[in-house]
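The values are calculated or read from the model by the stated rules, or taken from the named source; none is laboratory data. What you see is a predicted model, and the numbers here were worked out from it, not measured in a lab. Reconstructed Cβ throughout: ideal geometry from the backbone, glycine too, with neighbour counts over all protein chains shown.
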Amino acid sequence: MGSKFGIGSLSIVMISLLLSLAPKLEAELTTVEQAPKSDGSISFLVIGDWGRRGFYNQSQVALQMGRIGEKMDINFVVSTGDNIYDNGMKSIDDPAFQLSFTNIYTSPSLQKPWYIVLGNHDYRGDVEAQLSPFLRSMDSRWICMRSFIVDAEIAELFFVDTTPFVDAYFLNPQGQTYDWRGVSPRESYLQTILTDLDMGLRESRAKWKIVVGHHAIKSASIHGNTKELESLLLPILEANNVHLYVNGHDHCLQQISTSQSPIQFITSGGGSKAWRGYYNWKTPEDMKFFYDGQGFMSVKITRTEMGIVFYDVSGNILHKWDTSKMLYTDLEFPL
Ligand SMILES: *[C@@H]1O[C@H](CO)[C@@H](O)[C@H](O)[C@H]1NC(C)=O
């Protein structure tokens, strides 16, 4: 009797232990399913650093996004953050939402899901307002979360909340206040992101993996490389065969790739105010493209190819890059 009791309670302990461990075996990031086109391909636009009530050429960029979006029959739009200037939204009723988003991106082709991360300026307002499902009830395109996954079958996009990684916002906020609700304790918040991202990337069966954050890992413009991301995020991306890391923060367009890393480092932060007039990059062979002005980027992905194109405020093509890969399954079963 005594030993039976002992075994019984031990197995209860073990079962509850297994149950408590079980959820951790799966990626904990929220996953949004995004249907691809009927041929399995996807295309989308990437814009960053934009919400200025149409000023600083935001409206002109929006118009061109509409034109290119129609031509490409895009599936969705990605925002790399700094969605509402100068200080995010004051509350869920802040008219900035309509003035900087709904009333600006009016083209029919842009009436698609917008997958949105937060930037540092968004954290200076009521950060939970931008995350609120209430915004979606006013404009169903708005899908903004801190860190999440968009699964488009052929490609998976991993959105990472990079603002809490930056030490300076905590140690030397320079008179700015940040709304850190939901972020503290900071150490465990960051560790959870890194663990979940690593797990999500590892489990991904997508042919193409893209990671999106607000802050650059590498940039030649005023903000430069984000050292916290270089040390904490980059090793995870490299270990998991990520193809693109896409960010905003610097108000420019750029593509960097180094001989030390297979990743393309892409900045699309030209959604409104630009022309910073700053450039500092030591290895010209790594700088594939840099443009200091307004614009945006498009991405087209098929089973074997990925192509990106950068556009200026008038919709002119500034730069193109593409890559293809011979997939193992294509070698086995040529079509
Ligand atoms: C807006 O774009 C035009 C080019 O179409 C440029 O001449 C002008 O300087 C830009 N305005 C701002 C505020 O950047």
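Considering only segment 271-297, state which residues are in contact with a helix residue (DSSP H, G or I) (Cβ under 7 Å, 6 or more places away or on another chain) and assigned to a loop (DSSP other than H, G, I, E, B). Spell out the reasoning first.
Here is the first cut: in segment 271-297, the ones in contact with a helix residue (DSSP H, G or I) (Cβ under 7 Å, 6 or more places away or on another chain) are 271-272, 294-296.
Result: 271, 272, 294.
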Given (1) small (Gly, Ala, Ser); (2) more than 17 Å from residue 178 (Cα to Cα); (3) not in a helix (DSSP H, G or I), number of the condition residue 119 does not satisfy: (2)
Of all residues in segment 294-325 being exposed (fewer than 15 other Cβ atoms within 10 Å of the Cβ), over 20 Å from residue 263 (Cα atoms) and among the polar types (S, T, N, Q), the one that is nearest to the ligand (Cβ to nearest atom): 314
Residue list for segment 128-143, filter: closer than 26 Å to residue 174 by Cβ and buried (at least 22 other Cβ atoms within 10 Å of the Cβ): 129, 130
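Considering segment 88-107 alone, what residues qualify as being farther than 17 Å from residue 66 by Cα, part of a loop (DSSP other than H, G, I, E, B) and in contact (Cβ under 8 Å) with a residue 24 or more places away in the chain? If you could, list the steps in order and put the result at the bottom.
Taking segment 88-107 and keeping what is farther than 17 Å from residue 66 by Cα, we get 88-99.
Next, only the ones that are part of a loop (DSSP other than H, G, I, E, B) stay: 88-95.
Passing the criteria: 88, 89, 90, 91, 92, 94.
Can you tell me which residue is nearest to residue 79 (Cα to Cα) among those in segment 1-57 that are modelled with pLDDT under 95 and of a type in the set (Asp, Glu)?
So, considering only residues that are modelled with pLDDT under 95 and of a type in the set (Asp, Glu), the one nearest to residue 79 (Cα to Cα) is 28.
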Positions within segment 47-95 being within 15 Å of the ligand (Cβ to nearest atom), of a type outside the set (Gly, Ala, Ser) and on the phi > 0 side of the Ramachandran plot, in sequence order: 49, 53, 56, 57
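Can you confirm whether segment 266-275 contains a residue that is over 21 Å from the mean Cα position of the chain (by Cα) and under 19 Å from residue 57 (Cα atoms)?
The initial filter retains those residues of segment 266-275 that are over 21 Å from the mean Cα position of the chain (by Cα), namely 275.
Narrowing further to those that are under 19 Å from residue 57 (Cα atoms): 275.
The answer is yes; a qualifying residue exists.
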Residues within segment 244-262 that are crowded, with 21+ Cβ neighbours inside 10 Å, more than 16 Å from the ligand (Cβ to nearest atom) and touching a residue at least 40 places away in the same chain (Cβ under 8 Å), tallied: 6
Scan of segment 263-288 for residues that are away from the ligand (no atom under 16 Å from the Cβ) and either within 14 Å of residue 246 (Cα to Cα) or among the hydroxyl-bearing types (Ser, Thr, Tyr) (or both), ordered by number: 263, 264, 265, 266, 267, 268, 279, 283
Qualifying position, being touching a Lys or Arg at 6+ places or on another chain (Cβ under 6 Å), modelled with pLDDT of 95 or more and among the small types (Gly, Ala, Ser), among 100, 137: 100
Subset of segment 69-87 [crowded, with 22+ Cβ neighbours inside 10 Å, of a type outside the set (A, V, I, L, M, F, W, C) and outside any loop (DSSP other than H, G, I, E, B)]: 69, 79
Pairs where the first residue, in segment 133-147, is within 15 Å of residue 106 (Cβ to Cβ) and the second is in a helix (DSSP H, G or I) and among the charged types (D, E, K, R), C-beta under 7 Å, 6+ apart: 142/136
Residue list for segment 122-132, restricted to those being over 29 Å from residue 72 (Cα atoms), in a helix (DSSP H, G or I) and of a type outside the set (A, V, I, L, M, F, W, C): 122, 123, 124, 128
Odd one out for residue 291 among (1) exposed (fewer than 14 other Cβ atoms within 10 Å of the Cβ); (2) within 13 Å of the ligand (Cβ to nearest atom): (1)
Selection within segment 259-280 - at pLDDT 95 or above and within 16 Å of residue 230 (Cα to Cα): 263, 264, 265, 266, 267
